[in-house]
1. Among residues belonging to region 30-70 that are among the aromatic types (Phe, Trp, Tyr) and within 17 Å of the chain's Cα centre (by Cα), point out the one that is surrounded by the fewest Cβ atoms within 10 Å (Cβ to Cβ).
2. Tell me, yes or no, whether region 300-307 has at least one residue that is buried (at least 20 other Cβ atoms within 10 Å of the Cβ), within 12 Å of the ligand (Cβ to nearest atom) and part of a loop (DSSP other than H, G, I, E, B).
3. Quick one: what pairs do we get from region 175-200, first residue in contact (Cβ under 8 Å) with a residue 12 or more places away in the chain, second assigned to a loop (DSSP other than H, G, I, E, B) and among the β-branched types (Val, Ile, Thr), C-beta under 6 Å, 6+ apart or different chains?
4. For residues that are of a type in the set (S, T, N, Q) and part of a loop (DSSP other than H, G, I, E, B), scanning just region 77-100, find the one that is surrounded by the most Cβ atoms within 10 Å (Cβ to Cβ).
5. Just for region 230-263: of the residues that are within 13 Å of the ligand (Cβ to nearest atom) and among the small types (Gly, Ala, Ser), which one is nearest to the chain's Cα centre (by Cα)?
6. Is there a residue being surrounded by 17 or more Cβ atoms within 10 Å (Cβ to Cβ) and touching a strand residue (DSSP E or B) at 6+ places or on another chain (Cβ under 8 Å) anywhere in region 252-263?
7. Check Lys297 against each of (1) farther than 28 Å from Ile362 by Cα; (2) more than 9 Å from the ligand (Cβ to nearest atom); (3) part of a helix (DSSP H, G or I) and name the one condition it does not meet.
8. For region 187-194, does any single residue satisfy the condition of being under 19 Å from Arg302 (Cβ atoms) and part of a helix (DSSP H, G or I)?
Amino acid sequence: MDKATLTLDGTTYDLDVVVGSEGEVGIDISKLRSTTRAITLDPGYTSTGSCKSAITFIDGEKGILSYRGYPIEQCAEDSSFEEIAYLIIWGELPNAQQLAQFKGQLKEHEAIPAPLVAQFDALPAALHPMAALSSMVVSLTGYYDATDDFDLDVIRLIAKFKALVALGYRRSQGLDFIEPGQADGYVADFVHMMYGKGDAVTEEALNKLLILHVDHEQNCSASTARMVGSSHVNLYATVSAAICALWGPLHGGANQAVIEMLEEIEAGGGDADEYVERAKDKTSGVRLMGFGHRVYKNFDPRARIIKKAADEILDQLDVDDPSLQIAKKLERRALEDPYFVERKLYPNVDFYSGIIYRALGIPVEMFTVMFALGRLPGWIAQTKEWLEDPKTRIHRPRQIYTGATRRDVVPLSER
Ligand code: SDX
């Protein structure tokens, strides 16, 4: 299949067809307007590809997710967060020497400037942690020139990000900031900065959760990174914008909304059936948070892994959280209900993750910050791929104008 034809106003046009390595078919419309003066229209981009990408593959119908060809199940089981971050950004799993060098670079650049800590303390106490994180990330440009060395900016951002997240946690608990460098390894050091000590169960749980969140192709925040990065602003500003996109409750903010939903159900007596009925009622303004996905029309493979991990981790930590049972009841109830079955709505990555974060003592308002910590390498990889494409151009979609046609301004005295 190499051509598609379009007939418009009696004229037939040939359009090139692109077939991806997993057999996906794309119709190249990049010359459509110059040849037909027509554009396509696809609000929300349900059928529109913004790019070719070699980073992450999702088969939404089959519930398949892979990072650079490696199945998510294997990535989450057998690797460190550093290995998967390296894979997603530079395309291959590091060998021992490359991993040691990468870890050494992260260690070399992990400190954050003392004035940045003071800047964080000056932020309004009521500021949401995602707003604080976004502002702190873009503030890094006040301390480090965004260099022409993209890879140095990559190292700096990843290295310092965990300190910014841990700083937010410590301050939310009224605790002193713990400087990075307390333990060997990205997640181990992050745990130490968060809790003041290491803990094997917590480190293993967070390593798995961060890996599961590393990338997810052209989601809202990754597309934001490509959009903002395409203006050739620096990587720090690009990531700061992506953090704000992730904050939304329809996107990464759903992990916080899920726990708030479960708490509401628990406070109301734990009646999952009543909540599901409300989520089906369009006038209720309520959705089953953590359910549904633009791409997955089957189980989100990450949700399967996280659900299994939630059982294991709460058992290891000896935590009995009624929210987990309520979540399982909601899942069973929804998956039997024609409303959800017909619309192919399944649990997504956010449905169970908050239950683990809460068991680890992370405040609900910081759940999406944890999502951002995991997603950072993905945002970087997506931006890097876009900027390295020799055909890269600024993202600038077109529109179909439906407003008032030509008319003259009437003087105020006559209006
Ligand atoms: C993430 O894109 C990614 O890859 C994102 C992500 C990543 O890793 O980056 O996977 C992370 O953001 C996961 C999604 C987290 N969000 C939520 O859990 C919020 C709840 N879910 C939704 O609002 C919704 O499902 C979306 C936003 C996830 C997807 O929205 P779409 O694709 O625009 O689907 P839609 O809103 O058009 O819904 C289609 C139908 C509608 O009903 P009808 O008009 O056909 O009658 O399904 C209904 C919707 O009302 N519907 C839901 C529902 N989700 C969709 N009804 C009740 N509860 C829900 N959760």
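The values are calculated or read from the model by the stated rules, or taken from the named source; none is laboratory data. All values reported here derive from a predicted model rather than from experimental measurement. Please note: Cβ atoms are built from the backbone with ideal geometry, for glycine as well, and neighbour counts cover all protein chains shown.
1. Only one residue tops the list, namely Phe57.
2. yes
3. Hits for this filter: Met193/Ile178.
4. Across region 77-100, the extreme among qualifying residues is Ser79.
5. Among those residues, the one meeting the criterion is Gly252.
6. So far as region 252-263 goes, no, none of its residues is surrounded by 17 or more Cβ atoms within 10 Å (Cβ to Cβ) and touching a strand residue (DSSP E or B) at 6+ places or on another chain (Cβ under 8 Å).
7. Going through the list (1) farther than 28 Å from Ile362 by Cα; (2) more than 9 Å from the ligand (Cβ to nearest atom); (3) part of a helix (DSSP H, G or I), Lys297 breaks only (3).
8. Within region 187-194 (the criterion being under 19 Å from Arg302 (Cβ atoms) and part of a helix (DSSP H, G or I)), the answer is yes, since at least one residue qualifies.
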